[in-house]
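Let me begin by presenting the structure, written as structure tokens, before commenting on it.
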Amino acid sequence: MYTKRKNLETTNARLKKTVEELKRANLKIVQQQKTLIEEERIKVLLQMAGAKAHELNQPLIALLGSIELMEMDKGSPDKLTHHIELVKEAGDRISEVVKKIQTIPLDETRQNHDESSIVNIDDKMTILSLEDSDDDFEILKAVLSDHKQISLFRSCSIKEAMQAVKENNFDLILLDYLLSDGNGLDFLRSMEKAGLDIPAVVITGQGDEMIAKQVIQAGAYDYLPKNKIGEESLLRILANTIEKARLKTEIKNAQKKIALMSIRDELTKLYNRRYFNEAIEKEVSRAMRYETDLVLCMIDLDYFKKINDTYGHLAGDMTLSEIAAMLKKCVRNTDLCCRYGGEEFVVIMTNTDIKGAKKVSKRFKELVANRRFQYNSYKFHCTVSVGVAAYKSGLKQSSVELVEAADYALYKAKAQGRNRVVTIDALPGATNL
């Protein structure tokens, strides 16, 4: 009997030791999971802020475009001053983007939030709760009951919630993970597939740290364990999520503007030379593949320097801007108009033969010649010369050679007295395939 009792005590001691070891191991796993979740949250913040190196490439392209214009106009001090101002403006825009990146609150990347801080949500907020448990939804209602600026709506299934978000404007979604017709990941994927971008916070069950990691990777802005739902914690999550969404929107808008700057000429609003160089290669390749017509028109303002010298560079800028607008109205929507250089423009005309392009070019030339430009009290006229070159599928002709052909035709128009249109089928010396 004594021996059996002793063995039981020994076994019991070993079991207690094993239980303690399991508790420590479990605690370690939980801490590791929380660390992984915080890492995912940091990744989300970095993605929202546009902190990746390739996202900074667009503003650099904009600067390079201005520098390219400076190189072309290095003989004109006044133009250089203008281009330097454009460079400064691009730099200011980059600075604004950087400031927005730097506005990410530091406590967003900390594991422990200050529970004693007070969170105020003053703006009206419309929230959809995707929750199939009546008891859990009543808890959310009770927690938010004192905040009249928050309107809380409910859906009990993914299907019902998808219909609701398509028909209403919600600022935020509180999303339960386990649902009657799927789970939180299914809902997030359905949102993405439908092109809906509404901030979502996942409400997880106790101990669902790995699930929280997965939903954050899938696009959720944050998570909150059900056993930690309280007024302070929930309001903090709501405020932080709305701020993240605002920041994400501002970053996206800034990126769009920067991308637009890299391909558009700021003065004329036409595409710039960098964009033209890419477009002409694509159009020549397409014309070669499908054996379709393609024409390139190169336009130059006659005696433009005289306008700048007589009336000032602001008058010259106004003239360029107005002529660009006239050019856009004169061609089809499918034609691509670009500012090629200082006072040069190019137009890529697809599915058009050289006769049709010549007709359009002559009409544009006459419109400009008959236009009386006015800057302040100054009134003056301006003319243009146009060189037109057609791509010939039967000739061994590259995009570079097509540009050279149009440039040669423009040279001929200038040499023949300006204010005229000259067409050319191919450069002298071009060979048949």
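What follows draws every value from the coordinates through simple rules; no lab data is involved. Since the structure is predicted, the reported quantities are computational estimates derived from the model, not experimental observations. Please note: Cβ atoms are built from the backbone with ideal geometry, for glycine as well, and neighbour counts cover all protein chains shown.
Between amide H atoms placed 1.01 Å from N, distances below 5 Å from Arg264 occur with Asn272, all of them 5 or more places distant or on a separate chain. Pairs Lys328/Lys359; Lys141/Lys166; Lys213/Lys248; Lys193/Lys256; Lys305/Lys379: which exceed 25 Å Cα-Cα? Check vs 25 Å cut-off fails for no pair. Computing FRET efficiency as 1/(1 + (r/R0)^6) for Lys166 and Gln255, where r is the C-beta to C-beta distance and R0 is 25 Å, gives about 0.40.
Shown for Thr204, Thr249: other C-beta atoms within 10 Å of each C-beta, ranked fewest to most, produce the order Thr249, Thr204. Maximal additional length on extending the Asn376-Glu231 stretch stands at 45.9 nm, based on 0.36 nm per residue less the C-alpha distance.
Here the 3J(HN,Hα) profile of region 333-340, calculated from phi with Karplus coefficients 6.51, -1.76 and 1.60 at θ = phi - 60°, is 5, 7, 7, 9, 9, 9, 8, 8 Hz, Gly and Pro shown as x. Take the Cα of Ser133, step 7 Å toward its Cβ, do the same at Asp146, and the gap between the two points is 2.4 nm. One chain, two ends: Lys355 and Asn333. Fully extended at 0.36 nm per residue, the span grows by 6.0 nm beyond their Cα-Cα distance.
Could you give me the ³J(HN,Hα) list for region 260-273, computed from phi with Karplus coefficients 6.51, -1.76, 1.60 and θ = phi - 60°, whole Hz, x at Gly and Pro? Values per residue, Gly and Pro as x: 5, 4, 6, 10, 10, 7, 5, 6, 8, 6, 7, 5, 9, 5 Hz. Counting only Cβ charges, +1 for Lys and Arg and -1 for Asp and Glu, the dipole size of region 280-410 around its Cα centre is about 520 debye.
If R0 is taken as 41 Å, the Cβ-Cβ distance between Ser321 and Glu192 corresponds to a FRET efficiency of 0.45. Sorted on the mean count of surrounding Cβ atoms within 10 Å across their residues, most packed first, peptides 344-356, 145-157 read 344-356, 145-157.
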